[in-house]
1. Under 1.5 on a/c is rounded, so check that first for region 38-182, then, if it is not, pick prolate when a/b is larger than b/c and oblate when it is not; a ≥ b ≥ c are the square roots of the alpha carbon gyration tensor eigenvalues.
2. State the Cα centre-to-centre distance between region 66-97 and region 10-25 in whole Å.
3. Assuming a ≥ b ≥ c are the square roots of the Cα gyration tensor eigenvalues, decide whether region 58-127 counts as rounded (a/c under 1.5), prolate (otherwise, with a/b larger than b/c) or oblate.
4. Karplus couplings for region 52-64 from phi (6.51 cos²θ - 1.76 cosθ + 1.60, θ = phi - 60°), rounded to Hz, Gly and Pro as x?
5. If R0 is 30 Å, what FRET efficiency do you get for VAL90 and HIS11 from their C-beta distance, rounded to 0.05?
6. What FRET efficiency comes out for the pair ARG28/ARG101, r = Cβ-Cβ distance, R0 = 22 Å, nearest 0.05?
7. How high is the relative contact order of region 40-157, in percent, counting Cα pairs under 8 Å that sit 6 or more residues apart?
8. How long is the gain from GLU51 to VAL108 if the chain were fully straight, where each residue apart is worth 0.36 nm and the alpha carbon distance is subtracted?
Amino acid sequence: MQKKNSNTSAHSRVLVLVDESNVGSSVRTVGRGLDWIKLRDFLAGPNTGRELIEMVVYAGLPPAMPIWQEERDKKNKFMQWLRSNGFMVVTKDGSPAEEGRYKANVDVMMAIDALELSVEMQPDVVILVTGDTDFAYLAIKLRRRGIRVEVASVSQNLGNILRSAANEVIDLAPLFRTFEMIQEPGPARAMPPRQNQQQGRSQPQRPPNQQRPQQHQRRRPRFSPAKATRTV
């Protein structure tokens, strides 16, 4: 089913830029795992009447340090899955932060690429998948070039500055509710106590937005794009 969009042609060329950390945080707040294939199809898939040029995912990696190596390997494996499924991936090495965390801000990379790719690829529409208000000026700069800018995020978490800078807001909340629930780890029943404790220590939190590829292929709840709404 084609989405209602009276302001663009039926075959607009679309460039999608994704702030992986931001959209991952949003989907986790509703207890769901991020289905990247569904997200892409919803924004610019065959049923939208639009032509997807590229969907570029910007992601921070754990620092290249022994303490982070296991999590870094998992994140790199997931990035490879994205690439093998047609996504363009841009990564940035993180640096250690307080309380055992790391920071890897990709905002500048994403903003520079948005301007450069808009010149090289000549899209009719740029979709910024983020709720970060720092991208408000980027939206204005793209609109000055005659490019339609849409922001895809959870509408209730979107700041007014970014909302007003874009031509249109795509509320992702209804789409997120169709994704699979995150399975919270429960106590192991058949595992000896000693092994169970070791497993609890050796399983770090999964990097943001990382889902095992087989989860995408194995089960997908049905979703009708008509349920997802846009608000101007």
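The values are calculated or read from the model by the stated rules, or taken from the named source; none is laboratory data. Just so it is clear, the structure is predicted and the values come from calculations on it, not from any experiment. Cβ sites come from the backbone with ideal geometry, for glycine too, and all protein chains shown count toward neighbours. Remember, those area values only see protein heavy atoms, side chains included, never the ligands or the DNA or RNA. Shrake-Rupley method; radii C 1.70, N 1.55, O 1.52, S 1.80 Å.
1. Taking the square roots of the gyration eigenvalues as a ≥ b ≥ c, region 38-182 is prolate.
2. First find each Cα centre; the distance between them is then 18 Å.
3. oblate
4. Those phi angles translate into 7, 7, 8, 10, 9, 10, 9, 9, x, 9, x, x, 7 Hz.
5. Efficiency at R0 = 30 Å is approximately 0.65.
6. 0.90
7. 20 percent
8. 17.9 nm
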